[in-house]
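Before any comments, here is the structure.
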Amino acid sequence: LTPVYVDLLRTQKPDEAAEFLSSMLWTYIAVVVSLFALCGFFSEWVIRIFAPGFAGDRLVIAKELAIYAFPLILSMGANGFCRVLLESRKQFVVTKVSQALIPISVLALLLLKSGQGVQMIFLGLNIGYLLAVGVQVGWLWVSRVKLSLTWRVRSSAFQKVRHIIAPLLLGNLLASCSPIVDRAMISLLSEGDLGVYGYTQIIISNVTLIFVTSLSTTLLPVFSHIKTEGKDALTRALADTLRLVLFVIFPLGLFLALYSLPLIELLFERGAFTSQDTLRMAPLLGILAICMTLEAGVLVFARTFNALLDAKTTMIGGVLNLGGKVILNFLLMQKYGVYGIAVSTLLVNTLVIAFFSWRIHFVHQMTLGLTQLRELAKIVLVSLSGVFVAKLVMGDETTWVLVGSSAAVGVLVFLLLSLLLKIKEGKTLVDLVLRKFGVVQ
């Protein structure tokens, strides 16, 4: 969607671009309505398939929450199309501000209706996405962006992407089913395992939202613009982005894994959440924190394939992801329980990264080169060194004085080694900090 829309804007065809986007929006609505009509008719069977451990009150609650799902998916889709319009014009600030309304709406409803928990979360999401769409549509109207409500499946632009719609939808569907498979299989374990996994995902999903999701939504319009400059320019952009992801998210994941125990104690250990729950949750958080780098890498590669209009590769990646999850979850959870799910996530993302790398190199002839690989290796080295030193300073204690001092020492070692090894991102970061505090001009 985004690459074709950007191409139409670049070639000065605003009417055709608006018509194409409108046709894609109506196609999306038709697919969603059809799927939810089927799922709504067979709602109980769908819930039993995706959450076989649900029964009794939990099954009743799940059926009640399904009511909120249909308007939520529609509003999420409208939000996505508005973001395409704005981010294709590099209006990233507007989209980021509008997306902030989503968690604010959820939090506000939870505070106002504290006794209705899950229902308020879903209702808050619906309201938040509608507000986000309203803000973005208002900005588009003020900016006089060309809009259309036609549905022409025979337009030349729509015909250009018609052949990739099915594999693209299938790939996205398979990718979105991966966390559903995790929760469905965890529901077969004890209720405590499902709770621990849910608490872990609260931390991981929020960190991912800040550092990974925001990056992935920005990349597609940027890569689509860069693709018009040629494949060499896109290759350089891919290499730079992978290096930036590794420099930011890999050490973040390592430090999150290192301090998982005190972090869980601070956030959750009160009331019904006991110290035993903390000890159970810490290894799970550590594994999933390290997985964030791989998930970010998968998203960067996926956005590259999207810019190249290669839906086949992302579809195969979705098949590998979902198939690998089902097989490895089944094998590993029998011996390791909920931790087997986390290890499965780590292995499956590694497999998908390897497949995407092979496709980029051999199918699209986009080679990163030894220089870029050496830069990636240096970032891994300084990240591991920083965390190793932080662990030595902290020792076996988890007092907040030691946690804070060890984190400061670890970050300092990470930055110093980045400067010594001449890592470009490290030098840029240090320069920004020094300018911020007025040390250099």
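The values are calculated or read from the model by the stated rules, or taken from the named source; none is laboratory data. It should be emphasised that the depicted structure is a prediction, and the values quoted were computed from it without experimental measurement. FYI the Cβ positions are ideal-geometry reconstructions off the backbone, even for glycines, and counts take in every protein chain you see. What goes into the accessible areas is simple: the full protein's heavy atoms, side chains included, and nothing from ligands, DNA or RNA. Shrake-Rupley method; radii C 1.70, N 1.55, O 1.52, S 1.80 Å.
Here are a few things to note about the model shown:
- Residues of the range 318-364 classified as in a helix (DSSP H, G or I), over 21 Å from L308 (Cα atoms) and small (G, A, S), total: 5
- For the residues T208, T241, the requirement of being among the hydroxyl-bearing types (S, T, Y), assigned to a helix (DSSP H, G or I), in contact (Cβ under 8 Å) with a residue 24 or more places away in the chain and under 19 Å from K424 (Cβ atoms) singles out T241.
- Count of the range 174-201 residues which are among the hydrophobic types (A, V, I, L, M, F, W, C) and over 15 Å from R280 (Cβ atoms): 8
- Residue match in the range 230-238 (condition: assigned to a helix (DSSP H, G or I), under 21 Å from the mean Cα position of the chain (by Cα) and buried (at least 21 other Cβ atoms within 10 Å of the Cβ)): yes
- Residues that are polar (S, T, N, Q), open to solvent by less than 30 Å² (accessible area, probe 1.4 Å) and closer than 16 Å to S260 by Cβ within the range 183-204 comprise just one, T200.
- The range 120-177, subset open to solvent by less than 90 Å² (accessible area, probe 1.4 Å) and outside any helix (DSSP H, G or I), residue modelled with the highest pLDDT: S143
- Some residue of the range 305-315 being outside any loop (DSSP other than H, G, I, E, B), aromatic (F, W, Y) and touching a residue at least 12 places away in the same chain (Cβ under 8 Å): yes
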